[in-house]
Amino acid sequence: YWHVVPGRVAVVVRTTADPHTAAGALRAALRSEDAQLPIQAMRTMEEVVDRSVAQRRFQLTLMVVFAASALLVASLGIYGVVSYSVARRRNEIGIRMALGAQRSQLLGLVIRQGMAPVVLGLAAGVAVALFLGRLIRGLLFEVQPTDPFMIAGVAAVLLVVGAMACLIPARRAVGADAVAALRFE
């Protein structure tokens with residue numbers, strides 16, 4: 001064996017004890033067999049796996065940060081568009097309130113109109129994700145690109161963020177005084 005001169009030899013030991021405690025006993029056993037045997041770092045299997053996936057984990061962390069940033073920008077965009085739409089329709093909302101529309105009806109109207117593009121975009125996004133998911137199948141670990149729980153979870157998060165972005169301007173619109181809204185402009 002010593003005449004072959006391998007580039008590197010690895011010994012894998014399975015133990016039920018603490019791996020760090022067993023490492024000392026293993027090191028002593030190897031030293032008793034050959035005192036000049038160079039023993040390099042001993043690592044647990046968790047450390048080996050963590051090291052092997054460190055670059056992928058970093059890339060996925062970056063993806064999460066970018067996805068969260070995109071979600072924030074999207075929610076700010078929805079909020080801005082709905083807020084602008086409510087401001088432009090201030091007279092209409094004032095007239096509806098003066099004619100007896102209930103605040104809950106106006107709140108529902110503004111939220112429905114604000115959520116319509118969100119729902120359409122979400123439907124298109126799910127369709128594209130299902131189509132393109134096949135292309136990235138090799139990059140996914142323990143997750144299928146068509147996992148219904150994952151798709152439903154993402155859709156639920158996007159719907160909640162969209163609804164919250166629509167709710168703020170809608171509440172501001174129905175909280176306005178009808179007479180003040182009619183005098184606007």
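The values are calculated or read from the model by the stated rules, or taken from the named source; none is laboratory data. None of these values were measured; they are calculated from a predicted model. Positions of Cβ are backbone-derived with ideal geometry, glycine not excepted, and every protein chain shown enters the neighbour counts. The protein model used for the area step is the full one, side chains on, heavy atoms only, and it has no ligands, DNA or RNA in it. Shrake-Rupley method; radii C 1.70, N 1.55, O 1.52, S 1.80 Å.
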## Note on the structure
Scanning region 132-164 for residues that are open to solvent by less than 90 Å² (accessible area, probe 1.4 Å) and part of a loop (DSSP other than H, G, I, E, B) gives GLY133, ILE136, LEU140, VAL143, PRO145, THR146, ASP147
### Task
May I ask you to list the residues in region 19-43 that are open to solvent by 80 Å² or more (accessible area, probe 1.4 Å) and either in contact with a strand residue (DSSP E or B) (Cβ under 8 Å, 6 or more places away or on another chain) or not in a helix (DSSP H, G or I) (or both)?
GLN36, PRO38, GLN40, ALA41, ARG43
### Query
more than 15 Å from the chain's Cα centre (by Cα), in a helix (DSSP H, G or I), more than 23 Å from MET164 (Cα to Cα) and among the polar types (S, T, N, Q), is that true of GLN55?
yes
### Query
Does at least one position in region 3-17 carry a residue that is at pLDDT 80 or above and either assigned to a helix (DSSP H, G or I) or of a type in the set (Phe, Trp, Tyr) (or both)?
no
### Summary
Inside region 54-89, the number of residues satisfying the requirement of being open to solvent by less than 100 Å² (accessible area, probe 1.4 Å) and at pLDDT below 85 is 6
### Task
Go through region 90-131 and give me each residue that's among the basic types (Lys, Arg), surrounded by 15 or more Cβ atoms within 10 Å (Cβ to Cβ) and without any contact (Cβ under 8 Å) to a residue 60 or more places away in the chain.
ARG96
### Task
Among the residues of region 67-94, write down those that are among the polar types (S, T, N, Q) and under 24 Å from the mean Cα position of the chain (by Cα).
SER69, SER75
